[in-house]
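Enquirer: So that we are looking at the same thing, I have put the structure below in structure tokens.
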Amino acid sequence: MTRFVLRRVLQGMFSILGASVIIFVVTRLSGDPVVLMLPPEAPEAMVSQMRERLGLDLPIWQQYFMFLSDAVTGDFGNSYRWEMPVLELIRERLPATIYLASAALVFSLMLSIPFGVLSAVWRGSWFDRFAKGVAMLGQAMPNFWVGLLLIIVFAIGLEWLPAYGADTPKHVILPAIALGWYPVAAQTRIVRSAMLDVLDSDYIRMGRSVGVPEGVLIWKYAFRNAAVPLVTMMGVYFASMLGGAFVVEVVFAWPGLGRTVVEALFARDFPVVQAGVLFAALMFVAANLVVDLSYGLIDPRIRNDR
Amino acid sequence: MTADATDLPQGTRPSLLMRLPGRDFPWISVTILVGVLLLAFIGPWVSPWQPQALDLRSAFNPPVWVEGGSWAHPLGTDNLGRDILSRIIAGTRISVIVAFWAIVLSGALGTLIGMIAGYFGGWADIVIMRLVDIQLSIPPLALALILAAVLDPGLQTVVIVIVVTYWSWYARIVRGEILSLREREYVALARIAGCGPVTIFTRHLAPNIVNTLLVLATLQVGQVIIFEASLSFLGLGIQTPQISWGVMLADARGYITNAWWAITMPGIAIMLTCLASNLFGDWLRDVLDPRRKQL
């Protein structure tokens, strides 16, 4: 088991390292930030002085190693635009994104758990088809479009909920729905097939035959076991929502990391883009690691594989 | 191939095309997909208006079923009086072009890489799979955003971004398939008979993964269309004189309080196309390979 954990952790670290190279190189190709930071009539001497100050005159591999050695100590440089340490900026914006992603995850579970459980119980019924339809719809709509529709109906039309910003708890409802609808299909499928397996098992039949009420049987005895695959995948859903929140955050003017990265992109604010995407990758890898390890704990076959 | 225990005598197995219709054939989805494809080609001839034609006097006309709407603009007009139906029709072309090139190129690249990793194994496999891991560790949209910002925005960039994002998808699945096919006797026999890797790939391995690729490609259509819309919406994809559904949404966001239909209609086009291709892909998967429900 220790070897398995060690190998997975090393693999994860390698992925992050690779991702950092890709992110660094690609952002460097996107043009000279100094041109955007200084007025066009700035003298040449000033431009080159600025480049030197930011270390942009060095060869790219040297810039990368500087970036890496600083990053390990938590120093991601200063934002060109906000004139503050990137880490501080991220620390300021990340909580809003985590809050939004958590709310979206809660929303998706509020749909997918009843959908999955009841679809399995009433297999082939109209409810089964209805749940599948709602779930498939979520996969067929861009999340930002769902967001815009929600704004039209609930913010502009009915004036029930605010459309922009993050001042009150009410503000999170619409963006959370927009972000949380997409994974419903996958989650419902997992819960449904796990429930079908469990419902077929002897202990459930046994329980039914000795007269355990159907509701207790389904929710207490069956669902608790059927939830295992969903729980192990939870980290992945959460991470993918963190990583996918860019457009939704832009639509709702949500003060999170996603919108910050998009804005930084347009401003060629390299350090912010690099660190923002790297953080997203880090959470992605960490979530996958947790899933792998929890599967390894449950299933020894995976642990010993290769 | 999949040797179902059908009671048909040898040699009379109906061809794939013959077997396709029948069992829950998704007629509505296929009709929508064929319709989108057709409109992409004949759009300019059936479109009621010029998609770029301005007419400020009829700006913000609502759709025909809303009070104040008329049959002249069945789905309404935008802030510049441009006909939304005509613009949606014009947008099908971009969607089809993007989907076609993105899927063909990412599928070809991913398949080739996956075949190499699966067939040769060893170092090639390790290097390729680590690359796939790295690729998968960056959230797709995040990678797309930084790439789109580097390259000049436009159709080509959208295709490149999607290829870079999705090749690993194909590579991983093809590798898995090849790993199991490689051990089959006929592959070993072909190798002993002196066939080179190219012959083994094209004659003996490729035909066995065609079904998988077909299903993957169909299921990718919806994702590609949403990807394009997201990039264009952020201003990193298709640019304004060109018309795509994502561009229409980006434009319409500016006057969301005045014209809900300018947001709703292009989105419905996206939704229907995605829904149709997802349903068709699901059906195809069930028909082509009933053993693998979880692709």
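The values are calculated or read from the model by the stated rules, or taken from the named source; none is laboratory data. Bear in mind that the values here come from a model prediction, so they are computed numbers and not experimental data. Backbone-built Cβ (ideal geometry, glycine too); neighbour counts: all protein chains shown.
Enquirer: Which of the following residues is more than 14 Å from chain A (Cβ to nearest Cβ) and not in a helix (DSSP H, G or I): B:80, B:105, B:109?
Expert: Unique residue meeting the criteria: B:80.
Enquirer: Mind checking whether some residue in the stretch A:167-175 is within 14 Å of another protein chain (Cβ to nearest Cβ), under 26 Å from residue A:236 (Cα atoms) and in contact with a Leu (Cβ under 8 Å, 6 or more places away or on another chain)? Break it down into steps so the answer makes sense when it comes.
Expert: Looking only at the stretch A:167-175, we keep the residues that are within 14 Å of another protein chain (Cβ to nearest Cβ), and these are A:174.
From what is left, the residues that are under 26 Å from residue A:236 (Cα atoms) are A:174.
Filter once more, keeping what is in contact with a Leu (Cβ under 8 Å, 6 or more places away or on another chain): A:174.
So far as the stretch A:167-175 goes, yes, one or more of its residues are within 14 Å of another protein chain (Cβ to nearest Cβ), under 26 Å from residue A:236 (Cα atoms) and in contact with a Leu (Cβ under 8 Å, 6 or more places away or on another chain).
Enquirer: Evaluate the following for residue A:180: is it in contact with a Phe, Trp or Tyr (Cβ under 8 Å, 6 or more places away or on another chain) and either closer than 24 Å to residue A:260 by Cα or at pLDDT 80 or above (or both)?
Expert: It is true that residue A:180 is in contact with a Phe, Trp or Tyr (Cβ under 8 Å, 6 or more places away or on another chain) and either closer than 24 Å to residue A:260 by Cα or at pLDDT 80 or above (or both).
Enquirer: Moving on to the next point. Scan the stretch A:107-147 for residues that are touching a residue at least 12 places away in the same chain (Cβ under 8 Å), surrounded by fewer than 17 Cβ atoms within 10 Å (Cβ to Cβ) and either more than 17 Å from residue A:183 (Cβ to Cβ) or in contact with a Pro (Cβ under 7 Å, 6 or more places away or on another chain) (or both) and report the count.
Expert: Of the residues in the stretch A:107-147, 1 are touching a residue at least 12 places away in the same chain (Cβ under 8 Å), surrounded by fewer than 17 Cβ atoms within 10 Å (Cβ to Cβ) and either more than 17 Å from residue A:183 (Cβ to Cβ) or in contact with a Pro (Cβ under 7 Å, 6 or more places away or on another chain) (or both).
Enquirer: Determine whether residue B:254 is over 26 Å from residue B:145 (Cβ atoms), in contact (Cβ under 8 Å) with a residue 40 or more places away in the chain and of a type outside the set (Phe, Trp, Tyr). Working first, answer last.
Expert: Details: over 26 Å from residue B:145 (Cβ atoms): no; in contact (Cβ under 8 Å) with a residue 40 or more places away in the chain: yes; of a type outside the set (Phe, Trp, Tyr): yes.
So residue B:254 does not fit the description; no.
Enquirer: Now for a different question. Of everything in the stretch A:260-269 that's crowded, with 24+ Cβ neighbours inside 10 Å and more than 9 Å from chain B (Cβ to nearest Cβ), which residue is nearest to the chain's Cα centre (by Cα)?
Expert: A:260
Enquirer: I'm trying to understand the selection: among the residues of the stretch B:244-261, which are out of contact with any Ser or Thr (no Cβ under 8 Å at 6 or more places or on another chain), in a helix (DSSP H, G or I) and more than 9 Å from chain A (Cβ to nearest Cβ)?
Expert: B:248, B:261, listed by residue number.
Enquirer: Taking residue A:196, is it hydrophobic (A, V, I, L, M, F, W, C) and either surrounded by fewer than 17 Cβ atoms within 10 Å (Cβ to Cβ) or touching a residue at least 60 places away in the same chain (Cβ under 8 Å) (or both)? First the steps, then the outcome.
Expert: Details: hydrophobic (A, V, I, L, M, F, W, C): yes; either surrounded by fewer than 17 Cβ atoms within 10 Å (Cβ to Cβ) or touching a residue at least 60 places away in the same chain (Cβ under 8 Å) (or both): yes.
Considered against the rule, which asks whether it is hydrophobic (A, V, I, L, M, F, W, C) and either surrounded by fewer than 17 Cβ atoms within 10 Å (Cβ to Cβ) or touching a residue at least 60 places away in the same chain (Cβ under 8 Å) (or both), residue A:196 comes out as yes.
Enquirer: Within the bounds of the stretch A:288-304, is there any residue that is within 24 Å of residue A:99 (Cβ to Cβ) and either touching a strand residue (DSSP E or B) at 6+ places or on another chain (Cβ under 6 Å) or within 11 Å of chain B (Cβ to nearest Cβ) (or both)? Write out each step before concluding.
Expert: First pass over the stretch A:288-304, keeping only residues within 24 Å of residue A:99 (Cβ to Cβ): A:288-291.
Adding the requirement that they be either touching a strand residue (DSSP E or B) at 6+ places or on another chain (Cβ under 6 Å) or within 11 Å of chain B (Cβ to nearest Cβ) (or both) leaves A:288-289.
Yes: the stretch A:288-304 contains one or more residues that are within 24 Å of residue A:99 (Cβ to Cβ) and either touching a strand residue (DSSP E or B) at 6+ places or on another chain (Cβ under 6 Å) or within 11 Å of chain B (Cβ to nearest Cβ) (or both).
Enquirer: I'm checking my understanding of the structure. Among residues of the stretch B:122-155 that are touching a residue at least 12 places away in the same chain (Cβ under 8 Å) and outside any helix (DSSP H, G or I), which one is nearest to the other protein chains (Cβ to nearest Cβ)? Show your work before the answer.
Expert: Kept after step one, since they are touching a residue at least 12 places away in the same chain (Cβ under 8 Å), are these residues of the stretch B:122-155: B:125, B:128-129, B:131-132, B:135-136, B:140-141, B:143-145, B:147-149, B:153-155.
Adding the requirement that they be outside any helix (DSSP H, G or I) leaves B:153-154.
On the way: B:153: 11, B:154: 15 Å.
Top of the filtered list is B:153.
Enquirer: Being touching a residue at least 12 places away in the same chain (Cβ under 8 Å), within 9 Å of chain A (Cβ to nearest Cβ) and among the hydrophobic types (A, V, I, L, M, F, W, C) is the filter here, so list the residues in the stretch B:264-286 that pass it.
Expert: B:270, B:272, B:274, B:275, B:276, B:279
Enquirer: What about residue B:164, is it within 8 Å of another protein chain (Cβ to nearest Cβ) and surrounded by fewer than 22 Cβ atoms within 10 Å (Cβ to Cβ)?
Expert: no
Enquirer: On the given criteria, is residue A:165 surrounded by 19 or more Cβ atoms within 10 Å (Cβ to Cβ), in contact with a helix residue (DSSP H, G or I) (Cβ under 7 Å, 6 or more places away or on another chain) and of a type outside the set (Phe, Trp, Tyr)? Can you show your working first?
Expert: Numbers: surrounded by 19 or more Cβ atoms within 10 Å (Cβ to Cβ): no; in contact with a helix residue (DSSP H, G or I) (Cβ under 7 Å, 6 or more places away or on another chain): yes; of a type outside the set (Phe, Trp, Tyr): yes.
It is false that residue A:165 is surrounded by 19 or more Cβ atoms within 10 Å (Cβ to Cβ), in contact with a helix residue (DSSP H, G or I) (Cβ under 7 Å, 6 or more places away or on another chain) and of a type outside the set (Phe, Trp, Tyr).
Enquirer: Still on this structure, please answer the following. Going residue by residue through the stretch A:238-253, is there one that turns out to be surrounded by fewer than 23 Cβ atoms within 10 Å (Cβ to Cβ), touching a helix residue (DSSP H, G or I) at 6+ places or on another chain (Cβ under 6 Å), more than 9 Å from every other protein chain (Cβ to nearest Cβ) and not aliphatic (A, V, I, L, M)?
Expert: Within the stretch A:238-253, one or more residues are surrounded by fewer than 23 Cβ atoms within 10 Å (Cβ to Cβ), touching a helix residue (DSSP H, G or I) at 6+ places or on another chain (Cβ under 6 Å), more than 9 Å from every other protein chain (Cβ to nearest Cβ) and not aliphatic (A, V, I, L, M).
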